[in-house]
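Taking it in order: structure first as structure tokens, then the write-up.
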Amino acid sequence: MGEDAESPKINHTFLRDYVTEADVISTVEFNQTGDLLATGDKGGRVVIFQRETDSKGESEEVGETGDSGEYNVYSTFQSHEPDFDYLKSLEIEEKINKIRWLPQQNAAHFLLSTNDKTIKLWKVSERDKRPEGYNLKDEEGRLKDISTITSLQVPVLRPADLMVEVRPRRVFSNGHTYHVNSISVNSDGETYLSADDLRINMWNLGITDRSFNIVDIKPANMEDLTEVITAAEFHPHHCHLFVYSSSKGTLRLCDMRSSALCDRHTKLFEEPEDPGSRSFFSEIISSVSDVKFSHSGRYLLTRDYLTAKVWDLNMDKGPVETYQVHEYLRSKLCSLYENDCIFDKFECVWNSSDTVIMTGAYNSFFRMFDRETGRGVTLEAWRESSKPRAVLRTRRVYSGGKRRRGDVGVDSLDFTKKILHMAWHPSENIIAIAATNNLYIFQDRVNPETQLQ
């Protein structure tokens, strides 16, 4: 009895915060309707969530119009396994780098997933009926003796429990020497591009054994290498246009009508550098980690380490809008370089009307900016805000001047809690935020533009 009284208590806080590397979410993506949401993690798994619409009676009880719905697990499957490149003696991680949904053509859904080397096409379908009444098979599926068959019957479909099937339809391999960082489905619905550090390839969704190289920036001598490709995306409406970003902070718009090999860009988007502000970290923090076309196709949204920028396709002299995401970290670049946080790759997204942009930060913070007013708000993804009908609280990082109650000091920011991956519903104010191994889904009952301060 005495030993039991002295036994140590279990540290539940430690167990709750303990995260295995394989469970860390590495990509988030809504499908075209927003009814499905897919996440990939570092363990090579893909989890698909489906939106459950509320019934009319439930909506009336809470005094709401329309269906709010919540997202529940629809299917989980292992997309990639760890592999080994025997020629280069390199391990290939199973981590899912990107997921992209294909436009839906029938009752089934299709998605592309990729790790560093291999891209796979998956078919997601439902089955709620089972066939009965086979002539050549018994109820257990074994073949019957033909001599015992005295009559023929027409097989029928009987209702059965709903089952979600996920099957690999294509495997696109051996297309990249370097790590794949982007995949983007073309608006023609037949092709997609994949980009690694030095090359961009275009694939036909029906052909797995060959691809067309459309960009190649690899120099003849690797010692002359000055930049790498960081992201690439097709134009949402014009199948011949695509853009790719580089580690030098430049964007190149390419037109496949002018040349099969798009080494010569159609337009170059670059912001002139101020020589007076150049430092050791200038090139690192100017590297573009993500690029997204607006839904209209008129603008580009990019994210570098400290800022988010909006570019007009008709104005290549510089960005038309620049938003400071966490300028207060500029004085901390040295320590961020030492702990490798300066190399973190933050994503950025548009809302459905292209009026608000969103991107991530540290300490479980993420930021939204209203393009019309230029004002921004800092929000926090934490466990308390994940409770049903909980209101997202705004936060403020104190970096000088008058300190308000509840402000967070720059020195107390937790750089291990970073919001790198996120997605915005294609037509509604619903956002999905990945925070390490947690997925937060928030729905705004009010127009988000009215809440930015």
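The values are calculated or read from the model by the stated rules, or taken from the named source; none is laboratory data. Just so you know, these numbers come straight off a predicted model, no measurement behind them. Please note: Cβ atoms are built from the backbone with ideal geometry, for glycine as well, and neighbour counts cover all protein chains shown. Ligands, DNA and RNA are stripped out before the accessible areas are found, and what is left, the full protein with its side chains, is counted by its heavy atoms. Shrake-Rupley method; radii C 1.70, N 1.55, O 1.52, S 1.80 Å.
Filtering segment 262-320 to residues that are basic (K, R), over 19 Å from R367 (Cβ atoms) and touching a strand residue (DSSP E or B) at 6+ places or on another chain (Cβ under 9 Å) leaves R264, K267, R298, K317. Looking across D344, D340, D407, one residue alone is under 22 Å from the mean Cα position of the chain (by Cα) and free of Cβ contacts under 8 Å to residues at least 24 places away in the same chain. It is D340. Yes or no: segment 166-173 includes at least one residue that is farther than 22 Å from F77 by Cα, in contact (Cβ under 8 Å) with a residue 24 or more places away in the chain and either within 22 Å of the chain's Cα centre (by Cα) or surrounded by 11 or more Cβ atoms within 10 Å (Cβ to Cβ) (or both). There is no residue in segment 166-173 that is farther than 22 Å from F77 by Cα, in contact (Cβ under 8 Å) with a residue 24 or more places away in the chain and either within 22 Å of the chain's Cα centre (by Cα) or surrounded by 11 or more Cβ atoms within 10 Å (Cβ to Cβ) (or both). Scanning segment 85-123 for residues that are of a type in the set (F, W, Y), surrounded by fewer than 22 Cβ atoms within 10 Å (Cβ to Cβ) and at pLDDT 95 or above yields W101, F110. Against the list (1) within 22 Å of S286 (Cβ to Cβ); (2) modelled with pLDDT of 95 or more; (3) open to solvent by less than 20 Å² (accessible area, probe 1.4 Å), the condition G318 fails is (2). If you go through segment 119-153 and keep only what is basic (K, R) and under 48 Å from the mean Cα position of the chain (by Cα), you end up with K120, K123, R127, K129, R130, K137, R142. When residues in segment 408-423 are screened for being open to solvent by 20 Å² or more (accessible area, probe 1.4 Å) and farther than 20 Å from D304 by Cβ, 5 of them pass.
Entry remark, segment 277-302: residues being open to solvent by 70 Å² or more (accessible area, probe 1.4 Å) and of a type in the set (A, V, I, L, M, F, W, C) number 1 in total. Of all residues in segment 50-63, those being open to solvent by less than 40 Å² (accessible area, probe 1.4 Å) and either in a loop (DSSP other than H, G, I, E, B) or at pLDDT 90 or above (or both) number 1. Scanning segment 138-159 for residues being among the small types (G, A, S) and modelled with pLDDT of 75 or more gives a total of 2. Highlighted here are the strands (runs of 3 or more DSSP E) found entirely within segment 355-419 that include at least 3 residues which are under 23 Å from L300 (Cβ atoms), at pLDDT 90 or above and not hydroxyl-bearing (S, T, Y): 356-360, 365-370. All conditions in (1) modelled with pLDDT of 95 or more; (2) under 18 Å from M422 (Cα atoms) hold for D312, with the sole exception of (2). Among the residues of segment 330-354, those identified as part of a helix (DSSP H, G or I) and hydrophobic (A, V, I, L, M, F, W, C) are L333, C334, L336, C341, I342, F343. Among residues of segment 277-310 being part of a helix (DSSP H, G or I) and without any contact (Cβ under 8 Å) to a residue 12 or more places away in the chain, the one that is nearest to C334 (Cα to Cα) is S282. Restricting attention to segment 192-219, the residues that are open to solvent by 50 Å² or more (accessible area, probe 1.4 Å), in a strand (DSSP E or B) and within 23 Å of E283 (Cβ to Cβ) add up to 1.
The residue of segment 23-40 that is nearest to I119 (Cα to Cα), among those that are in contact with a Ser or Thr (Cβ under 6 Å, 6 or more places away or on another chain) and open to solvent by 10 Å² or more (accessible area, probe 1.4 Å), is I25. For V185, all conditions in the list (1) touching a Leu at 6+ places or on another chain (Cβ under 7 Å); (2) open to solvent by 40 Å² or more (accessible area, probe 1.4 Å); (3) touching a residue at least 24 places away in the same chain (Cβ under 8 Å) hold save one; what is the number of the exception? It is condition (2) that V185 fails. Looking across I207, I200, one residue alone is under 30 Å from R252 (Cα atoms), touching a residue at least 24 places away in the same chain (Cβ under 8 Å) and not small (G, A, S). It is I200.
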